[in-house]
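First up is the structure itself, then whatever we jot down about it.
The values are calculated or read from the model by the stated rules, or taken from the named source; none is laboratory data. Here the structure is a predicted model, which is why all the values come from computation and not from measurement. Here Cβ is always computed from backbone atoms with ideal geometry, including for glycine, and neighbour counts include all displayed protein chains.
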Amino acid sequence: SDSVTALAPVTSRTVTCTTPPRHTTPILSPTSISRRPLMGMLVSIAVKAGTISLLAGWVGHTPRLLIPVVLCFLAAVLNMFGGSFVGVVAPALFPVVATLARATGMSPVLLYTSTTIGGLATGISPFSAGGAMVLGFTDKDERDDMFHREFAVGLPVCVGAALVVSFLCSLVLG
């Protein structure tokens with residue numbers, strides 16, 4: 001029998017999990033299907049369709065000092081609705097960063113940092129994984145109010161702070 005033994009960090013007890021026999025087929029249910037493979041597929045389609053080059057062209061016409069801020073904002077908007085920085089934002093925008101760094105002569109570290117700041121700043125969005133978890137742990141009576149607070153307070157504060165930090169990084173490193 002295949003088994004894995006590990007220490008559970010919270011309880012410090014030994015937990016033994018047995019793997020199912022190899023000949024069984026997993027049963028798919030709506031809760032077992034992750035949206036990450038779908039988002040990865042959509043990002044790969046966008047890359048093949050030339051969307052990355054189009055975004056690089058748009059951002060390339062921006063004044064040099066504001067390019068990191070625009071990348072930060074694009075990453076923030078993508079993560080608001082995409083749900084994952086690693087699975088959606090980074091694969092979509094990191095090729096743009098490489099193209100822009102070559103085309104503009106700007107520091108790739110500055111552009112990657114600004115993209116990362118923007119992508120990670122909007123994890124509070126109710127459509128993103130972090131915001132959905134916050135809503136999931138909120139009492140049902142307060143859930144609507146929390147949803148509105150995430151949009152009216154959380155997102156503007158996080159995006160505003162990310163844009164300011166990206167601009168300051170642009171002044172210092174650019």
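Brief remarks follow.
- Complete set of residues in region 69-100 that are among the aromatic types (Phe, Trp, Tyr) and closer than 15 Å to Cys169 by Cβ: Phe73
- You will find that of Pro108, Pro156, Pro95, the residue that is farther than 29 Å from Ser44 by Cβ and either out of contact with any strand residue (DSSP E or B) (no Cβ under 9 Å at 6 or more places or on another chain) or polar (S, T, N, Q) (or both) is Pro156 and no other.
- Residue count, region 117-157 (criterion: at pLDDT 90 or above, touching a Ser or Thr at 6+ places or on another chain (Cβ under 6 Å) and either surrounded by fewer than 20 Cβ atoms within 10 Å (Cβ to Cβ) or more than 11 Å from Cys72 (Cβ to Cβ) (or both)): 1
Conditions (1) among the hydrophobic types (A, V, I, L, M, F, W, C); (2) in contact (Cβ under 8 Å) with a residue 60 or more places away in the chain; (3) in contact with a Phe, Trp or Tyr (Cβ under 6 Å, 6 or more places away or on another chain), marked per residue:
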| residue | (1), (2), (3) |
| --- | --- |
| Leu71 | yes, yes, no |
| Val77 | yes, no, no |
| Val86 | yes, no, no |
| Gly105 | no, no, no |
| Val109 | yes, yes, no |
| Tyr112 | no, no, no |
| Thr122 | no, no, no |
| Phe151 | yes, no, no |
| Leu155 | yes, yes, no |
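- Gly160 vs. criteria within 10 Å of Asn79 (Cβ to Cβ) and either surrounded by fewer than 17 Cβ atoms within 10 Å (Cβ to Cβ) or not hydrophobic (A, V, I, L, M, F, W, C) (or both): no
- Of the helices (runs of 4 or more DSSP H) lying entirely inside region 65-121, those containing at least 3 residues that are under 20 Å from Val134 (Cα atoms) span 67-82, 108-121.
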